[in-house]
Amino acid sequence: MSDVLTVNKLKAYYIMNYFGTKREVRAVDNVSLTIRKNEIYGIAGESSSGKTSLIKVFAAAMRPPFEIVDGDIKFDFGDVKIDPYAEDKSKVDALRWSHFSYIMQGSMSVLNPVRKIGKTFEDFALKPMGVSKAAFKPLVIEHLEKLKLSPDILNSYPHELSGGMRQRVTIALATVCRPKFIIADEPTTALDVVVQKEVLSMIRGIQQEMGSSVVFVTHDMSVHANITDRIGIFYAGRLVEEGPTKLMFEQPKHPYTYHLVSSIPRIGDTQRRTSLEGKPPSLATPPNGCRFHPRCPIATDKCSQENPELIDIGQGRRVACFHSDKVKPLAEAIQ
Amino acid sequence: MNKLLEVKNVVKKFNTGGLFSNKKLTAVNDVSFTLDKNKPEIFTIIGESGSGKTTLARMILGLETTTHGEILHEGKRVDGNANRSTRMNFMRSVQPVFQNPFEAFNPLKKIDQYLVSTTKELLQIEDDEEVKTIIDDNLQKVGLSHAEIMGRYPHELSGGQLQRTAIARALICNPSLLVADEPVSMVDASLKMSIVNLLQSLRDDFGVNVIYITHDLATAYYISDRIIIMQKGLVVEMGPARPILDDPKHPYSQLLKASVLSIADAGNGQLAPATDLIEIVNRNEGQIGKMRTYEDTRQVREYS
Ligand SMILES: Nc1ncnc2c1ncn2[C@@H]1O[C@H](COP(=O)(O)OP(=O)(O)OP(=O)(O)O)[C@@H](O)[C@H]1O
Ligand SMILES: Nc1ncnc2c1ncn2[C@@H]1O[C@H](COP(=O)(O)OP(=O)(O)OP(=O)(O)O)[C@@H](O)[C@H]1O
Ligand code: SF4
Ligand SMILES: [Mg+2]
Ligand SMILES: [Mg+2]
């Protein structure tokens, strides 16, 4: 299987100056990973662990003070190979929508408030689709139908739609040109579970039909369970575990992953659930050693001093933990 | 019963299809419920995307007028059609958490400055140190701190940080009613549980009524006292939360429950729709039917 995206030792920080003192938020801290052709790669992790920041790098959507401090990324779309940060911006922009698309978190900002939805579709998708205006509209309508949206919405302004309808419009925009690489940040948070299922299955369908790749960021582990092929778990700016979806749920190897998959509340569950002890670490002054150690139930002295490297443990898995052999399998617990 | 909030036969119609068209869309269709001041509860609204949940919340907050029906707070009319001074009073005791935190904040204003001006205005406090302490206390409740957000603009925070800031803002003036539209849709599992536990403690320890709008059936089950399930502007099932979610009676409620994704077969993409239930739901479409009351006090919409 070939890799579409290769990320190599990437460090990307927000570097700010407060009255002469430099302050860094190390949102992406030494991340290496690859996204393959024809797969859905899920990203989960703590709130503010750098997920959105990482995929902003993928999507060439970085703005100051966010900058790449070290490492690089490379795309290989088959017909085009590109390092988006070495190349001219216009070259990258020419690939947007046709080769890669980006559904931003809370993504309504791509929707111009004073432009009707139909016009927005023309602005973004008409050119990359390469069809006439007359042929374009029926294609868009057909696509909207798959997302359970009526053609009427093309005549609406964004504020006339519900949160979930706007969210589906942005998904429609990002998928209508059937790009090879789709980056989606929390794209289904405002959808009811019935519509969510259909939207996920549409995304899956397009991905399979085109053999494309999808990077799917969400906190909803049940979404990961049902749409992704592999999952990467982030904690405090670092990739702490990665592997095939099934194994990540059945035998998590990192204590934080264990926490994530074991704490999913279910209907019928009334037992008081507690959250992780302690506060999420600050990315400006992260803890020494393993960044999870102040909250880790199995931490030892070593954990507070040394940083565990992300190592290959076979079966397509990588984990960054000194004591991953002590993490219990979860298979029974989640039945 | 000491009525805190009364929603009486509320209807909202929107004009659709442009300025001069008289096509109408009924976003909220004849919704009624009452919240008791002496029996604070978590009142959950669940339903189809586009079924009118946010519109209903906006009418309760007085941000949208009602087409028919009325909304009363402690016996006084407070909907968008009410007079200004009663509304101002009401606005101090009811606080919103809006659905999309990315849209809820003014992008040009620093978050801490916004919180400072809100605190000063709502609590009529001038002392800067005191204001800062109040803000920090409320941010701590949602796992943040004043130091973390100081000097930052909304776009400089992560989705979950923004969402939590919106909750902290709503808590500043100790509201008696909190209207939270999808307050935990963008946070990790751990924070989600701590926020949901916080809502519970607001109810139990501070007597706050909470209207909790969500798509998440599991947290709804975990914290709600009563629930309403909405579809296309109509309430299709309403009553005690756990009996309804354990054993939903309306076909749409059943469809919702059947569509919840499971992690039991992780990695094998179980995304097939519940076609049999979808068919029944579609068959009833367009009919209004009538609410029938069951023994366990729930009301279910039934069709002849
Ligand atoms: N423009 C910015 N300037 C400074 N700091 C920023 C900026 N954008 C994000 N950050 C910080 O970078 C860190 C990572 O944020 P990011 O949005 O990547 O998190 P996330 O993993 O997507 O979180 P969530 O799940 O809450 O959306 C956070 O601490 C955030 O406050
Ligand atoms: N200002 C408006 N003008 C015209 N139609 C509107 C307006 N606001 C909402 N609507 C319509 O009213 C219906 C209900 O919208 P609402 O936002 O209340 O749904 P919702 O239940 O909150 O959905 P979601 O779960 O997707 O957030 C939708 O069909 C929407 O298009
Ligand atoms: S390295 Fe130590 S602190 Fe870090 S996750 Fe593993 S056991 Fe916990
Ligand atoms: Mg994010
Ligand atoms: Mg809504």
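The values are calculated or read from the model by the stated rules, or taken from the named source; none is laboratory data. Small disclaimer: the values here were computed from a predicted structure and weren't measured. Quick reminder, even Gly has a Cβ in these numbers, built from the backbone with ideal geometry, and neighbours come from all protein chains shown.
Counting the residues of the stretch A:134-171 that are within 14 Å of chain B (Cβ to nearest Cβ) and assigned to a helix (DSSP H, G or I) gives 19.
Residue B:163 meets all of the listed conditions (1) more than 13 Å from chain A (Cβ to nearest Cβ); (2) assigned to a helix (DSSP H, G or I) but one, namely (1).
Note on the stretch B:45-74: residues that are over 11 Å from residue B:230 (Cα atoms), of a type in the set (Val, Ile, Thr) and assigned to a strand (DSSP E or B) amount to 1. Would you confirm whether any residue within the stretch A:222-233 is in contact (Cβ under 8 Å) with a residue 24 or more places away in the chain, within 16 Å of ligand 1 (Cβ to nearest atom), assigned to a helix (DSSP H, G or I) and under 26 Å from residue A:283 (Cβ atoms)? Yes, the stretch A:222-233 contains at least one residue that is in contact (Cβ under 8 Å) with a residue 24 or more places away in the chain, within 16 Å of ligand 1 (Cβ to nearest atom), assigned to a helix (DSSP H, G or I) and under 26 Å from residue A:283 (Cβ atoms).
Screening B:274, B:266 for residues that are small (Gly, Ala, Ser), within 29 Å of residue B:163 (Cα to Cα) and within 11 Å of another protein chain (Cβ to nearest Cβ) leaves exactly one candidate, B:266. Across the stretch A:208-221, the qualifying residues are those that are buried (at least 22 other Cβ atoms within 10 Å of the Cβ) and more than 16 Å from ligand 1 (Cβ to nearest atom), and the one among them that is nearest to the other protein chains (Cβ to nearest Cβ) is A:214.
Out of the residues in the stretch A:9-25 that are part of a strand (DSSP E or B) and exposed (fewer than 14 other Cβ atoms within 10 Å of the Cβ), which is farthest from the other protein chains (Cβ to nearest Cβ)? Among them, the one singled out is A:9. Among residues that are part of a loop (DSSP other than H, G, I, E, B), over 29 Å from residue A:190 (Cα atoms) and among the β-branched types (Val, Ile, Thr), residue B:125 is included.
Is there any pair with a first residue in the stretch B:44-72 that is closer than 11 Å to residue B:28 by Cα and a second that is within 16 Å of ligand 1 (Cβ to nearest atom) whose Cβ atoms are under 8 Å apart and which are 6 or more apart or on different chains, and what are they? Close Cβ pairs satisfying both conditions: B:54/B:99. Go through the stretch A:321-335 and give me each residue that's more than 7 Å from ligand 3 (Cβ to nearest atom) and either modelled with pLDDT of 95 or more or in a loop (DSSP other than H, G, I, E, B) (or both). Across the stretch A:321-335, the qualifying residues are A:327, A:328, A:329, A:330, A:331, A:332, A:333, A:334, A:335.
The set of residues in the stretch B:3-31 that are without any contact (Cβ under 8 Å) to a residue 40 or more places away in the chain and under 18 Å from residue B:211 (Cβ atoms) is empty. The set of residues in the stretch A:94-127 that are under 24 Å from residue A:186 (Cβ atoms) and in a helix (DSSP H, G or I) comprises A:95, A:107, A:108, A:109, A:110, A:117, A:120, A:121, A:123, A:124, A:125. Among residues of the stretch A:297-308 that are touching a residue at least 12 places away in the same chain (Cβ under 8 Å), those with a beta-carbon under 7 Å from a residue that is of a type in the set (S, T, N, Q) and surrounded by fewer than 14 Cβ atoms within 10 Å (Cβ to Cβ) at least six positions away or on a different chain give the pairs A:304/A:288; A:305/A:288.
Looking only at residues of the stretch B:99-117 that are in a helix (DSSP H, G or I) and either at pLDDT 90 or above or more than 21 Å from the chain's Cα centre (by Cα) (or both), we find that the one that is farthest from the other protein chains (Cβ to nearest Cβ) is B:117. Taking the stated definitions as given, is residue A:286 within 11 Å of another protein chain (Cβ to nearest Cβ) and assigned to a loop (DSSP other than H, G, I, E, B)? Answer is no for this residue. Scanning the stretch B:123-160 for residues that are within 11 Å of chain A (Cβ to nearest Cβ) and of a type in the set (Asp, Glu) yields a total of 2. If the condition is being away from ligand 5 (no atom under 16 Å from the Cβ), crowded, with 23+ Cβ neighbours inside 10 Å and closer than 16 Å to residue B:272 by Cα, then the stretch A:175-198 contributes only A:197. Taking into account only those residues within the stretch B:166-193 that are of a type in the set (D, E, K, R) and facing another protein chain (nearest Cβ under 7 Å), which is farthest from residue B:91 (Cα to Cα)? Step by step, filter the stretch B:166-193, then rank; the result is B:188.
Considering only residues of the stretch A:227-242 that are among the acidic types (Asp, Glu) and more than 12 Å from chain B (Cβ to nearest Cβ), which is surrounded by the most Cβ atoms within 10 Å (Cβ to Cβ)? Checking each candidate, the answer is A:241. Criterion applied to A:55, A:73 was being within 14 Å of chain B (Cβ to nearest Cβ), within 30 Å of residue A:29 (Cβ to Cβ) and away from ligand 2 (no atom under 16 Å from the Cβ), and the one residue passing it is A:55. Each residue in the stretch A:116-133 was checked for being within 14 Å of chain B (Cβ to nearest Cβ) and farther than 18 Å from residue A:164 by Cβ, and 3 of them qualify. Among the criteria (1) surrounded by 15 or more Cβ atoms within 10 Å (Cβ to Cβ); (2) farther than 30 Å from residue B:164 by Cβ, the one residue A:91 does not fulfil is (1).
Within the stretch B:149-159, if we keep just the residues that are without any contact (Cβ under 8 Å) to a residue 40 or more places away in the chain and within 18 Å of residue B:186 (Cα to Cα), the residue that is surrounded by the most Cβ atoms within 10 Å (Cβ to Cβ) turns out to be B:149. Filtered by the rule that a residue be of a type outside the set (A, V, I, L, M) and in contact with a helix residue (DSSP H, G or I) (Cβ under 8 Å, 6 or more places away or on another chain), the stretch A:182-201 gives A:185, A:186, A:187, A:188, A:189, A:192, A:196, A:197, A:198.
Only one entry of B:279, B:302 meets the criterion of being charged (D, E, K, R) and in contact (Cβ under 8 Å) with a residue 12 or more places away in the chain, and that entry is B:302. The residue of the stretch A:247-267 that is nearest to the other protein chains (Cβ to nearest Cβ), among those that are modelled with pLDDT of 85 or more and part of a loop (DSSP other than H, G, I, E, B), is A:267. Would the stretch A:62-69 turn up any residue that is in a strand (DSSP E or B), among the charged types (D, E, K, R) and under 22 Å from residue A:174 (Cβ atoms)? So far as the stretch A:62-69 goes, no, none of its residues is in a strand (DSSP E or B), among the charged types (D, E, K, R) and under 22 Å from residue A:174 (Cβ atoms).
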